[in-house]
Amino acid sequence: MNRGNMVVPETARRMTIQEMEDKYPNQWLFIVDCIINPETTQLVSGIVTVWSPSRRDVDEASGEYVGNAAIHYTGEIPKDRMYLL
């Protein structure tokens, strides 16, 4: 799958949010081919293409992607911080 400059390997595996959080603790994830629950608008599953403890790394890597995508943090965001999504 090629979207902009990002190539997603055909072997990439779809994961649930729980699987992502278990595999990539305290990481920012760039997720493509997302499935969203239409009733709750919650992300259900997708394919993780980029992960990093730095949001900036994920933003830079995902910048030219065209298509269905999401950014998700798997850790707990400190109460004194705010991120604009």
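Any residue in region 23-35 that's free of Cβ contacts under 8 Å to residues at least 12 places away in the same chain and closer than 13 Å to residue 54 by Cα: show its pairings with residues that are of a type in the set (Asp, Glu) and part of a strand (DSSP E or B) at Cβ separation under 6 Å, as long as the two are six or more apart or on different chains.
none
Kindly provide the set of residues from region 36-65 that are over 17 Å from residue 77 (Cβ atoms), without any contact (Cβ under 8 Å) to a residue 12 or more places away in the chain and not hydroxyl-bearing (Ser, Thr, Tyr), ordered by number.
36, 37, 38, 39, 60, 63
Every residue in region 1-21 that is at pLDDT 95 or above, part of a strand (DSSP E or B) and either β-branched (Val, Ile, Thr) or in contact with a helix residue (DSSP H, G or I) (Cβ under 6 Å, 6 or more places away or on another chain) (or both), please.
16
Would you please name the residue that is modelled with the lowest pLDDT, looking only at residues in region 38-79 that are more than 17 Å from residue 20 (Cα to Cα) and exposed (fewer than 10 other Cβ atoms within 10 Å of the Cβ)? So that I can check it myself, show each step before the final result.
Going residue by residue through region 38-79, those that are more than 17 Å from residue 20 (Cα to Cα) are 38-41, 56-57, 59-68, 78-79.
Right, trim to exposed (fewer than 10 other Cβ atoms within 10 Å of the Cβ) and you get 38-41, 56, 78-79.
On the way: 38: 95, 39: 97, 40: 95, 41: 93, 56: 93, 78: 74, 79: 78.
Looking at the filtered set, the residue picked out is 78.
The values are calculated or read from the model by the stated rules, or taken from the named source; none is laboratory data. Because the structure is predicted, anything quoted here is derived from the model rather than measured. Every residue, glycine among them, receives a Cβ derived from its backbone with ideal geometry; neighbour counts consider all protein chains shown.
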